[in-house]
1. Condition test on Gly293, is it part of a loop (DSSP other than H, G, I, E, B), of a type outside the set (Phe, Trp, Tyr) and more than 16 Å from Phe197 (Cα to Cα)?
2. Consider Pro405 against the criteria (1) touching a Pro at 6+ places or on another chain (Cβ under 7 Å); (2) in a loop (DSSP other than H, G, I, E, B): it satisfies all of them except one. Which criterion is unmet?
3. All but one of (1) out of contact with any Leu (no Cβ under 7 Å at 6 or more places or on another chain); (2) surrounded by fewer than 15 Cβ atoms within 10 Å (Cβ to Cβ) hold for Val376; which doesn't?
4. State the number of residues belonging to the stretch 309-320 that are outside any loop (DSSP other than H, G, I, E, B) and either without any contact (Cβ under 8 Å) to a residue 24 or more places away in the chain or not assigned by TED's automatic domain parsing to the domain that holds Ala265 (or both).
5. Taking the condition assigned by TED's automatic domain parsing to the domain that holds Gln313, farther than 18 Å from Leu312 by Cβ and under 20 Å from the mean Cα position of the chain (by Cα), does Leu416 pass?
6. Might you let me know whether the stretch 182-193 holds any residue that is buried (at least 24 other Cβ atoms within 10 Å of the Cβ), without any contact (Cβ under 8 Å) to a residue 40 or more places away in the chain and either under 30 Å from Arg352 (Cα atoms) or among the small types (Gly, Ala, Ser) (or both)?
7. In the stretch 469-477, is there at least one residue being of a type in the set (S, T, N, Q), surrounded by fewer than 16 Cβ atoms within 10 Å (Cβ to Cβ) and over 30 Å from Leu505 (Cα atoms)?
Amino acid sequence: MLRTRTLSADLAIGLLLAIAGTWLWIGHGRARDLGSGSDVLGYDAAQYAVAARELANHGRLATPFALPIELVRHARPPWPLSLVQPGLLAGEAALFRLSGTSSPARLAWLVLVIPFLGYLGAGIAVALGVSTFLARFATHATPRDRTLAALVVGLALLLDPEAQHYATGGFTELPFTAGLAAAVAWLAAGAPPPFAFGVLLGLTGTFRGNMLWLAPVLAAALALTRPAGRGGAFVRAMLGYAVVLAPWWIYKTVAFGTPAWDLSALSVWDGVGGRTWFSLNHLPALPAVPHGGAAVHAIGAKLLRNLRPLLLQLATGPRTLWIAGLVLALVPWGWVREAATPADEDDAGAERRARIVAGALLAVLGITVIVTAITVPILRYLLPVRLIAEAAGLVGVWIYLWRMPEAWAPARARRLLGVAIAVLALGWGVRQSARGMTEAAAVSADRGIPPAAVLQEIARDLDRELPPSEPVMSNLGPSLAWYSRRPVIHLALTPSDVDACRERLEVHHVVLAFRDASRAWLGWDEVVAHPADAPHHPEWNVLRVRRWTVTEGFSLVWLELGPPRTPLAERAR
């Protein structure tokens with residue numbers, strides 16, 4: 001009977017969270033004006049979409065879009081995959097095959113399916129994990145308390161505006177969060193088989209490469225929860241992880257010569273020695289970066305420079321209290337257990353498991369903060385781990401309230417305090433969710449990529465004048481590659497760097513789309529401001545210029561380049 005009641009409660013929790021999450025997802029999508037004011041495909045989402053369509057239509061792991069730096073290893077399209085991860089790629093390819101349509105505008109909406117399911121899955125996974133953990137180990141809490149706690153934790157995650165934002169675009173954050181939440185919930189609530197647990201970590205790792213350094217921590221936590229055979233459990237978990245990702249590593253080795261090749265690793269040097277993401281990736285040459293002691297010093301300086309502001313952002317609002325709840329979970333429960341209530345064997349096992357999981361989450365959070373600080377120091381890259389850590393910390397605070405001795409606070413006071421913490425979590429979530437929707441509407445009105453109608457118009461213009469397979473260069477990058485169905489090389493760093501790209505790939509046309517010259521990249525702003533003067537700069541090699549402005553406020557400049565000026569390009573021609 002207890003099992004039936006628990007199952008019914010879990011089903012109700014899942015249903016309520018699915019309804020609430022869908023309502024919030026739709027609200028945030030409307031705030032972003034998806035499909036009208038904002039195209040469904042942003043820069044990141046379009047990278048996955050064009051590669052997924054290539055896989056769905058041609059059965060190959062390749063993409064018609066490349067950054068100039070990628071021309072160093074592979075000059076001609078389609079290019080091997082150096083940025084996207086296989087999980088979202090394979091999922092989108094399957095959806096494209098099943099859709100039965102070839103319309104780019106219709107297919108684009110399918111990129112929202114997996115992030116949406118990941119968003120709902122993350123909220124439901126943390127809620128059910130909390131429900132199961134409390135049912136087994138929090139004997140001081142009533143069934144109603146456990147159900148309400150699970151609902152509050154799940155709703156708090158769904159109310160997070162960052163979670164809503166990345167769920168309404170073709171991003172990998174939410175599918176990764178759902179997998180990470182399932183792994184932590186499985187670890188906290190029971191004793192998962194090591195190999196199966198490793199497989200779950202591997203499937204989660206197909207969405208984001210940072211699972212590479214998180215998997216050993218979680219596998220070690222699994223091993224520590226076992227009374228014996230810890231070394232073997234760790235090895236089996238890591239083996240399950242490696243089995244899932246081995247095909248991807250083999251592909252990377254064949255395509256790039258090493259399984260570790262990933263252009264996102266260059267972000268370590270962003271902001272170091274005057275380097276930027278643009279200067280690192282928008283030149284057809286591998287960047288010169290420090291080595292040895294100089295590299296250690298440069299990365300250490302970047303870490304110290306970014307760590308404090310990143311931690312301050314992480315500690316916004318009640319987040320500090322939730323993280324403190326994780327730290328509190330490391331303290332033995334005996335500190336708050338009534339002396340008259342001896343600890344039984346199950347209670348000791350619950351304490352040990354809770355402390356191991358809390359320690360693992362703190363380690364995962366700490367590692368992620370450090371890696372974020374030395375790469376791209378923004379909260380986006382903390383999102384999955386932050387959401388799980390906050391949920392676990394909130395539960396940690398409640399557990400201590402439930403187990404607090406009567407001498408410290410009467411039961412009524414503890415209950416009121418627990419309700420106050422739940423109200424704080426939900427109130428903060430509602431406030432942040434409303435604020436996030438307001439900001440999303442403002443950003444949508446000032447987007448940097450033209451809407452789908454304009455991109456389709458540019459694609460038709462290209463088709464009228466160019467052969468279908470002729471590549472073009474554009475700051476619209478993968479978005480233009482999606483709608484034009486032709487190879488697109490991202491814009492070179494400056495007009496003077498275009499010829500260096502043409503030495504490796506024959507390109508005759510450059511398409512620029514910026515709101516105005518002030519929004520154009522440094523170096524290209526002069527071209528956007530005074531396009532008629534471009535042919536008068538011999539070093540730019542511009543033969544002809546066309547310019548027009550669309551109703552959405554974007555200035556479009558089409559540059560037709562002169563004949564290549566290098567022997568290599570002439571031979572390719």
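1. Taking the combined requirement at face value, the residue does not satisfy it.
2. (1)
3. (2)
4. 2
5. In short, no.
6. Within the stretch 182-193 (the criterion being buried (at least 24 other Cβ atoms within 10 Å of the Cβ), without any contact (Cβ under 8 Å) to a residue 40 or more places away in the chain and either under 30 Å from Arg352 (Cα atoms) or among the small types (Gly, Ala, Ser) (or both)), the answer is yes, since at least one residue qualifies.
7. Scanning the stretch 469-477 turns up no residue that is of a type in the set (S, T, N, Q), surrounded by fewer than 16 Cβ atoms within 10 Å (Cβ to Cβ) and over 30 Å from Leu505 (Cα atoms).
Residues are listed down the side, and each one gets a yes or a no for (1) under 13 Å from Tyr400 (Cα atoms); (2) assigned to a helix (DSSP H, G or I); (3) of a type in the set (A, V, I, L, M); (4) at pLDDT 90 or above:
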position: His297; (1), (2), (3), (4): no, yes, no, yes
position: Lys302; (1), (2), (3), (4): no, yes, no, yes
position: Leu307; (1), (2), (3), (4): no, yes, yes, yes
position: Trp322; (1), (2), (3), (4): yes, yes, no, no
position: Gly325; (1), (2), (3), (4): yes, yes, no, no
position: Ala339; (1), (2), (3), (4): no, no, yes, no
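The values are calculated or read from the model by the stated rules, or taken from the named source; none is laboratory data. Small disclaimer: the values here were computed from a predicted structure and weren't measured. Reconstructed Cβ throughout: ideal geometry from the backbone, glycine too, with neighbour counts over all protein chains shown.
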